[in-house]
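S.K.: Provided herewith is a single structure, encoded as structure tokens, for subsequent inquiry.
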Amino acid sequence: MLKNNPNITSIRNEDFIASLKRTSFIQKIENSGHLVIDYNPKKFPFSSSMIDLLIENKFLKNSVPLDKLHNYLSLEDMQVDKNQINNVIKSLYDTNQTIANLYQKFMSEIITNHIGENAYIQKIPTNRFSFPFSKGMSSRDYHIDIMLGHPPEEINVWVPFTNSSLAKSFKILPLEYSLELLNKYNYDMQAIHHEIWNNDKLFDSLEKNSTSVDLKPGQALLFDSRCFHASVLNKSNYTRVSMDVRIIPVRDYDNLPFTYIGTGRRKSKFITGDYYLKTEVEL
């Protein structure tokens, strides 16, 4: 996320603040606001499917270890732009049908079973590639997706395709700390973003209270959308590849007080048929 990001939402109405103050599904079962779930990586082979997709998109000629991907790509393809997006990520905005089917099956069988109710899921999952010492990566990327227009009722799902304990480039803060931060700045997303980038004392506190998410293929992290998190500079010799997705329980979607619109370049509407799949994923 940019230091001087023009896309930080300015929403601060009563309904929005009430959503930020509510008790969420995850909050009821895990005080930290995030929980790890297990799945069978042989049944959901995301890593090998991603390699096949990279071959299909002409980034690779043959199969290679996913966590050593940086040894096989050009510097140009790995370098991130001002929005921290690289050529590999751009090529995956429209995923192939094999990946799409695998993703939807995973969300249906694994994720919705854990939240215990039907949900709408992000239409196209977001794939991330964190290459070692990638130029352009920020060190102060703490944020919540709500800053960019997402509904607070969403649940974030983070799925590593490589062993994330090797790269240690994804951090998250406890929900209690995050809620205190929101309250301290009166739920003003623009003010919070400004302070994260300009208040060294706050940044030191974020660093002190955050934890590295150390998961491996076969594990996924579900977390409350109000938990501040960050992708930071990968200082290891391993590539971190992951998928992140937002879902929203149907009950929460039906009760949204207004239509949320993303503030990024796509200006996505958080409605079914646009950002979310038209059909709800059922238990």
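The values are calculated or read from the model by the stated rules, or taken from the named source; none is laboratory data. Because the structure is a prediction, the values reported are computed rather than measured. When we count neighbours, we look across all protein chains shown, and the Cβ atoms used for this are built from the backbone with ideal geometry, even at glycine.
S.K.: Restricting the search to region 95-122, which residues are part of a loop (DSSP other than H, G, I, E, B) and either closer than 15 Å to Met50 by Cβ or touching a helix residue (DSSP H, G or I) at 6+ places or on another chain (Cβ under 7 Å) (or both)? Full working, then the answer.
M.R.: Within region 95-122, the first condition is being part of a loop (DSSP other than H, G, I, E, B), and the residues that meet it are 95-96, 116-118.
Selection gives Thr95, Asn96, Glu117, Asn118.
S.K.: Continuing with the same structure: Taking the condition of being over 11 Å from Leu175 (Cβ atoms) and either free of Cβ contacts under 8 Å to residues at least 40 places away in the same chain or of a type in the set (Val, Ile, Thr) (or both), how many residues in region 29-45 meet it?
M.R.: Counting residues in region 29-45 that are over 11 Å from Leu175 (Cβ atoms) and either free of Cβ contacts under 8 Å to residues at least 40 places away in the same chain or of a type in the set (Val, Ile, Thr) (or both) gives 5.
S.K.: Suppose we filter region 228-271 for residues that are surrounded by fewer than 20 Cβ atoms within 10 Å (Cβ to Cβ) and touching a helix residue (DSSP H, G or I) at 6+ places or on another chain (Cβ under 8 Å); how many remain?
M.R.: So the count comes out to 5.
S.K.: Of all residues being part of a loop (DSSP other than H, G, I, E, B), under 19 Å from the mean Cα position of the chain (by Cα) and charged (D, E, K, R) in region 32-91, which is modelled with the lowest pLDDT? Just the residue, please.
M.R.: Lys82
S.K.: For the subset of region 224-269 comprising residues that are of a type in the set (A, V, I, L, M) and assigned to a strand (DSSP E or B), which member is farthest from the chain's Cα centre (by Cα)? Let's see the steps before the verdict.
M.R.: Step one: list which residues in region 224-269 are of a type in the set (A, V, I, L, M), which gives 230, 232-233, 241, 243, 245, 247-248, 250, 256, 261.
This time we only want the ones that are assigned to a strand (DSSP E or B), so: 230, 241, 243, 245, 247-248, 261.
Values: Ala230: 9, Val241: 12, Met243: 7, Val245: 6, Ile247: 11, Ile248: 14, Ile261: 17 Å.
Per the criteria, the residue is Ile261.
S.K.: Go through region 123-152 residue by residue and tally those that are touching a residue at least 60 places away in the same chain (Cβ under 8 Å) and assigned to a loop (DSSP other than H, G, I, E, B).
M.R.: Residues flagged as touching a residue at least 60 places away in the same chain (Cβ under 8 Å) and assigned to a loop (DSSP other than H, G, I, E, B) within region 123-152 amount to 17.
S.K.: Let me ask you something else. Taking Ile192 and the conditions (1) over 29 Å from Thr272 (Cα atoms); (2) surrounded by 14 or more Cβ atoms within 10 Å (Cβ to Cβ); (3) touching a strand residue (DSSP E or B) at 6+ places or on another chain (Cβ under 7 Å); (4) of a type outside the set (Lys, Arg), which numbered condition does it fall short on, given that it satisfies the others?
M.R.: (3)
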